[in-house]
Amino acid sequence: MFENILNHPEVVTGLAEEINGKTLPASLLFYGDKYTGKLTTALELARILSCENNGLWTCSCRSCEEHRVLISPSTVMLGNRYFLEEIEACADILNRHRQLTGQYQFVRSIRKLTRRFDQYIWKGMENKIKGLPGELEKIGTILELLNPGKELPAGKKLEKLTSNALKICTKITEYISSDNIPINQIRNITYWTHTTFSGRARIVIIEGAESMGESSRNSLLKILEEPPAGVYFILISTRKNLIIPTLLSRVRPYNFRTRTNIEDRAIIKRIFRDDSDGYINLRDFFMGMNGVNLTLLRQYSSHALDILINKKEIRIDDFSEVLSIIDEKHILRIFLEELLILIQDKCIGTIDPEIDIPLNTLQKWNLLIQQTMHNRISYNQNTRLLFETLLYRMREAV
């Protein structure tokens with residue numbers, strides 16, 4: 001069990017013991033920094049729980065075959081994550097090495113995105129995803145050509161397919177809800193958990209659990225109080241401290257420690273087949289794959305936070321350099337993410353214990369940042385105006 005989970009022996013040993021001892025709780029929380037393998041572990045746990053045999057990665061039962069390519073009907077995924085960065089990295093692996101492992105990685109990276117749009121998740125909200133079925137059909141056609149076991153297209157045809165896939169996935173990500181997990185999705189999943197799957201375990205994976213709104217949290221709390229038999233909820237969070245106590249009391253936490261840079265570089269070499277030693281850690285690797293200048297984004301995130309904390313005058317022209325590169329939607333998202341990471345670090349005192357940012361202020365800032373991203377994606381609003389408005393509203397919230 002868990003043969004493909006790296007650097008988390010305490011977590012996987014504990015999970016394996018609970019599975020074998022039949023003491024695994026119905027509601028779990030995987031928490032820790034980004035790029036620590038939380039979703040990979042959640043998906044592997046889902047496969048093991050659904051396995052018809054011994055739970056080994058190499059098991060040939062139908063359930064495991066479905067889980068390995070992420071098409072199992074017994075698992076559902078909600079929430080947001082760094083889809084495009086992962087897809088880009090996996091496309092690079094497949095194009096360079098053209099091996100079976102690369103096929104698995106690429107197909108899985110895309111289905112981590114497309115499975116967020118299973119029909120039953122969006123029932124009653126179809127008007128919000130008009131145009132999406134066509135994009136999903138296009139990406140499905142590409143995946144059929146690249147599925148593990150299929151002979152890969154020759155020469156430049158493979159690069160063209162993966163490039164087209166990335167373009168389509170970029171469009172698909174624009175349909176991910178700005179408020180992360182709407183209440184209607186929780187209601188739809190609640191209904192789904194009460195359906196029968198021939199005795200299989202059913203697993204609900206929710207990423208970004210800390211970002212759920214109050215109505216979504218309350219709806220989730222109701223089902224966590226008494227989940228149907230055979231149903232498991234795996235919540236994933238990068239900020240456990242932002243999850244409300246009533247929700248924390250209903251889940252068993254599993255801490256995914258931050259890997260060392262040495263461990264991250266080993267993963268980059270082993271999993272992503274990059275021997276260049278040009279990246280310090282996995283975050284820098286994923287950002288680098290997308291040509292993101294993290295140094296510049298972090299510099300201006302720090303400047304923005306200094307303005308907010310000290311209530312300085314906002315001079316938008318001081319941000320001209322960074323505004324020139326964040327006009328792309330996904331770069332703006334990464335910049336806002338860097339700002340939020342810095343804010344949260346200061347709030348819990350890991351950088352400067354003298355700075356005390358109340359939790360309610362942090363929650364307001366998080367909401368304002370999410371709204372800014374939504375306005376950029378949904379209404380294509382001017383980046384400069386959006387950013388300036390965000391800074392003023394965040395400063396007023398202090």
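The values are calculated or read from the model by the stated rules, or taken from the named source; none is laboratory data. Given the structure is predicted, the values throughout are model-derived calculations rather than measurements. Positions of Cβ are generated from backbone atoms using ideal geometry, with glycine treated the same way; all protein chains shown enter the neighbour counts.
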Just one listed residue, out of Lys123, Lys128, is surrounded by fewer than 20 Cβ atoms within 10 Å (Cβ to Cβ), out of contact with any His (no Cβ under 9 Å at 6 or more places or on another chain), more than 23 Å from Val292 (Cα to Cα) and at pLDDT 90 or above, and it is Lys123
Select from segment 54-68 the residues that are outside any helix (DSSP H, G or I) and not aliphatic (A, V, I, L, M) and write down the one among them that is modelled with the lowest pLDDT.
Asn54
Pick out the one residue from Leu166, Leu158 that is under 28 Å from Ile142 (Cβ atoms) and more than 22 Å from the chain's Cα centre (by Cα).
Leu158
Would you confirm whether any residue within segment 275-283 is surrounded by fewer than 19 Cβ atoms within 10 Å (Cβ to Cβ), in a loop (DSSP other than H, G, I, E, B), within 20 Å of the chain's Cα centre (by Cα) and small (Gly, Ala, Ser)?
no
Does Lys160 count as under 26 Å from Asn290 (Cα atoms), in contact (Cβ under 8 Å) with a residue 24 or more places away in the chain, of a type in the set (Lys, Arg) and outside any strand (DSSP E or B)?
no
For segment 100-120, give me the residue count where each residue is more than 17 Å from Leu43 (Cβ to Cβ) and crowded, with 21+ Cβ neighbours inside 10 Å.
1
So Arg115 fits all but one of (1) assigned to a loop (DSSP other than H, G, I, E, B); (2) out of contact with any helix residue (DSSP H, G or I) (no Cβ under 8 Å at 6 or more places or on another chain); what number is the exception?
(1)
Consider Ala26 against the criteria (1) crowded, with 16+ Cβ neighbours inside 10 Å; (2) under 21 Å from the mean Cα position of the chain (by Cα): it satisfies all of them except one. Which criterion is unmet?
(2)
Of all residues in segment 218-245 being aliphatic (A, V, I, L, M) and not in a strand (DSSP E or B), which is surrounded by the most Cβ atoms within 10 Å (Cβ to Cβ)?
Leu220
Might you check whether a residue that is of a type outside the set (D, E, K, R), in a helix (DSSP H, G or I) and more than 23 Å from Arg98 (Cβ to Cβ) occurs anywhere in segment 142-156?
no
Determine whether segment 84-95 contains at least one residue that is modelled with pLDDT of 95 or more and surrounded by 18 or more Cβ atoms within 10 Å (Cβ to Cβ).
no
Looking for whichever is over 18 Å from the mean Cα position of the chain (by Cα), touching a residue at least 60 places away in the same chain (Cβ under 8 Å) and in a helix (DSSP H, G or I) here; the options are Arg47, Arg96. Which one fits?
Arg96
Tell me yes or no: at least one residue of segment 51-73 is at positive phi and touching a residue at least 60 places away in the same chain (Cβ under 8 Å).
no
His303 passes all but one of the listed conditions (1) in contact with a Phe, Trp or Tyr (Cβ under 9 Å, 6 or more places away or on another chain); (2) in a helix (DSSP H, G or I); (3) crowded, with 19+ Cβ neighbours inside 10 Å; the exception is number (3)
Report the residue count in segment 2-17 for those that are on the phi < 0 side of the Ramachandran plot, out of contact with any strand residue (DSSP E or B) (no Cβ under 6 Å at 6 or more places or on another chain) and buried (at least 16 other Cβ atoms within 10 Å of the Cβ).
6
Being at pLDDT below 95 and over 30 Å from Ile186 (Cβ atoms): is that true of Leu161 here?
no
So, Ile309, is that one over 24 Å from Thr258 (Cβ atoms), assigned to a helix (DSSP H, G or I) and either touching a helix residue (DSSP H, G or I) at 6+ places or on another chain (Cβ under 6 Å) or at pLDDT 75 or above (or both) or not?
yes
I'd like to know if segment 236-249 contains one or more residues that are out of contact with any helix residue (DSSP H, G or I) (no Cβ under 9 Å at 6 or more places or on another chain), assigned by TED's automatic domain parsing to the domain that holds Arg62 and over 19 Å from Arg187 (Cα atoms).
yes
Restricting attention to segment 11-34, and to residues there that are among the aliphatic types (A, V, I, L, M) and in contact with a Pro (Cβ under 7 Å, 6 or more places away or on another chain), which single residue is farthest from Ile243 (Cα to Cα)?
Ala26
